[in-house]
Amino acid sequence: MRGDFYLAGWRVRSSFLIDSFYPWIGDKRSPDVFVRSGPIPQHTGGFLVDGPLLQISRDRSCRFIAPTGAAFSVNSGGTEVIVDAGDSESELSSLLPRPMLAILCHKRRLLPIHASCVQIGDRAIAFAGPSAAGKSVLAAAFMQASFPLLADDLIAVDPYADGGPVVWPTFPQLRLWRDSLDALGFAAGNHRRCRPALDKYEVPFAPNSLIRPLRLAAIYHLRCDRMAESASIQPLRGSRGLQAAAGVICCGGSAGMLAGEDASLQCIAALGAATPAYTLGYRPGFEVLPATIAALHARHGES
């Protein structure tokens with residue numbers, strides 16, 4: 001299926017099949033973002049950032065090159081993405097969507113946060129942290145306990161929404177390593193590998209009703225605590241909360257170059273002023289997940 005897709009509230013019109021995006025079911029408005037194949041434009045005016053993966057030119061257009069050689073460019077306004085997927089369009093589903101989303105978010109005044117997100121009551125709860133922090137496992141356990149999921153691994157937050165920051169649904173798949181897949185009772189044979197060389201699998205989930213955004217009630221920054229008997233929740237206030245938020249922004253080191261330094265800082269400040277942040281200390285192990293879910297449901301179930 002090639003056509004129109006839904007991503008973080010935008011209508012994306014693509015010449016590629018992007019099966020990690022939701023098909024568009026919204027209104028008849030014009031597309032916000034166009035994705036097409038073609039040669040990646042060459043940048044000639046010098047770079048603000050010239051890294052091995054991400055390059056940002058002085059006009060704030062950029063290009064991203066995956067380790068496999070697949071690449072895409074995004075224009076300065078965040079309205080056009082040109083993709084060179086290499087030998088296979090499957091790169092679009094396995095490697096490119098997340099950095100593509102992160103860059104588009106920075107250009108369109110959203111915050112891309114390394115987090116998974118679930119719905120408790122009528123609000124969104126985010127679990128943030130670096131790779132291997134346990135975000136996807138916790139989200140999968142919530143899903144098995146019948147809580148709707150909004151996103152895994154990377155969420156798109158609008159810090160300026162009316163009434164306070166909201167989370168937009170992004171990709172309708174969890175990504176779980178084989179040990180987590182087995183421990184949670186998913187059959188590996190029923191799920192596609194994220195990449196052929198990885199023992200990591202995509203677990204699809206149903207979107208919340210109408211693929212709508214939800215008010216962000218709290219961000220929990222995951223912290224491994226091997227001595228904890230139960231989930232330990234501590235508030236992060238003031239500058240500590242802002243520092244924690246800045247630390248989990250995807251492409252955070254380049255955010256100022258992508259969106260403008262003031263715009264990036266203002267987004268983080270708006271999020272921090274309106275959304276409570278906590279550390280969530282947990283003991284590794286699947287047996288503690290039910291108690292953690294119960295504790296968070298007790299805090300947010302009546303929101």
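We did not get these values from a lab; they are worked out from the coordinates using the rules stated. Since we're looking at a predicted model, the values are computed, not measured. As a convention, Cβ positions derive from the backbone with ideal geometry for all residues, glycine included, and neighbour counts pool all protein chains shown.
Quick notes
- Relative contact order, percent, region 112-300 [alpha-carbon distance under 8 Å, six or more residues apart]: 25 percent
- Sorted by Cβ neighbour density within 10 Å, fewest at the top, the residues His43, His114: His43, His114
- Helix 261-274 axis versus longest C-alpha principal axis of the chain: approximately 20°, rounded to the nearest ten.
- Vicinal HN-Hα couplings computed from phi for region 71-81 (Karplus, 6.51 cos²θ - 1.76 cosθ + 1.60; Hz; Gly/Pro x): 8, 8, 10, 10, 6, 5, x, x, 10, 9, 10
- Global size of region 251-300 as Cα Rg and Dmax, reported in angstrom: 16.8, 45
- For region 249-282, the residues whose backbone nitrogen is under 18 Å from a point 7 Å from the Cα of Ala145, taken along Cα to Cβ, are 278-282.
- Rounded tilt (10° steps) of 135-144 against the dominant C-alpha axis of the chain: 60 degrees
- Among Asp225, Asp122, the ranking by other beta carbons within 10 Å of each residue's beta carbon, starting with the fewest, stands as Asp122, Asp225.
- Per-residue Cβ neighbour rank within 10 angstrom, fewest leading, Thr279, Thr170: Thr279, Thr170
- Around the amide H of Ala161, modelled in the peptide plane, lie the amide H atoms of Val166, all under 5 Å away and 5 or more residues distant in sequence or on another chain.
- Ratio Rg/Rh [Cα only; Rh per Kirkwood] for region 3-108: 0.95
- Straightening the chain between Arg29 and Arg195 buys 56.3 nm, computed as 0.36 nm per residue apart minus the Cα-Cα spacing.
- Translational diffusion of region 112-300 was estimated from the Stokes-Einstein equation, with Rh taken as the Kirkwood radius over Cα pairs; at 20 °C and 1.002 mPa s the coefficient is 127 µm²/s.
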